[in-house]
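Have a look at the structure below, then the notes.
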Amino acid sequence: MAVSLNTNYKFDKRSARADNLLGGSGLLRHRIALTVVVLAACVAAFVAQTNVKAAAAQPAIVHPDGALLSKYCFACHNSKSRAGGLALDAKDVANVGADAETWEKVIRKLQAGAMPPVGRPRPDQQTADAFVEALEAQLDKEAALH
């Protein structure tokens with residue numbers, strides 16, 4: 001049953017009782033509005049925090065280091081020697097997507113510990129792993145674009 005006040009404010013008896021229980025006219029609406037605002041702020045803060053954590057969890061893509069190739073690979077895998085039929089000095093490490101098959105082979109050899117061969121200078125494991133991860137990230141990025 002609708003009741004009209006002089007303020008042209010319409011309400012029913014049920015909402016009037018709820019307002020009175022909470023301490024006065026309109027207070028319920030204010031409390032609900034405040035609850036909604038606080039809840040929205042909490043959700044926004046949670047989403048922002050989650051996005052920051054996700055961004056921090058994903059390392060920036062590091063480009064493969066051509067210096068590593070020069071130091072450990074070019075002595076054998078160059079345009080003149082072509083050990084294993086591979087001339088890495090002629091490959092563009094900044095654009096691994098142009099010859100993905102070759103770089104996938106390089107990754108497999110490094111992961112297996114087959115390259116550089118025993119008796120030749122080798123990068124430490126952390127450096128080799130970082131190089132492999134950088135190659136894989138670049139290849140994945142290129143594959144996603146195509």
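Within the range 118-146, the set of residues being under 14 Å from Val106 (Cβ atoms) and either among the aromatic types (Phe, Trp, Tyr) or loosely packed, with under 12 Cβ neighbours inside 10 Å (or both) comprises Phe131 only. Taking the listed residues Phe74, Phe46, the one that is farther than 30 Å from Val118 by Cβ and at pLDDT 75 or above is Phe46, with no other qualifying.
The rows are residues; the columns are (1) part of a loop (DSSP other than H, G, I, E, B); (2) in contact with a helix residue (DSSP H, G or I) (Cβ under 7 Å, 6 or more places away or on another chain).
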| site | (1), (2) |
| --- | --- |
| Ala67 | no, no |
| Ser81 | yes, no |
| Gly97 | no, yes |
| Trp103 | no, yes |
| Val118 | yes, no |
| Arg122 | yes, yes |
| Ala128 | no, yes |
| Ala137 | no, no |
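Considering the range 83-95, the residues that are charged (D, E, K, R) and either part of a loop (DSSP other than H, G, I, E, B) or touching a Gly at 6+ places or on another chain (Cβ under 6 Å) (or both) include one that is surrounded by the fewest Cβ atoms within 10 Å (Cβ to Cβ), namely Asp92.
Under the condition of being out of contact with any Lys or Arg (no Cβ under 8 Å at 6 or more places or on another chain) and either surrounded by 11 or more Cβ atoms within 10 Å (Cβ to Cβ) or in contact (Cβ under 8 Å) with a residue 60 or more places away in the chain (or both), the residues counted in the range 99-117 number 11.
The values are calculated or read from the model by the stated rules, or taken from the named source; none is laboratory data. Predicted model, so just to flag it, every value in this text is computed and none were measured. No Cβ is skipped: glycine too gets one built from the backbone with ideal geometry, and neighbour counts run over all protein chains shown.
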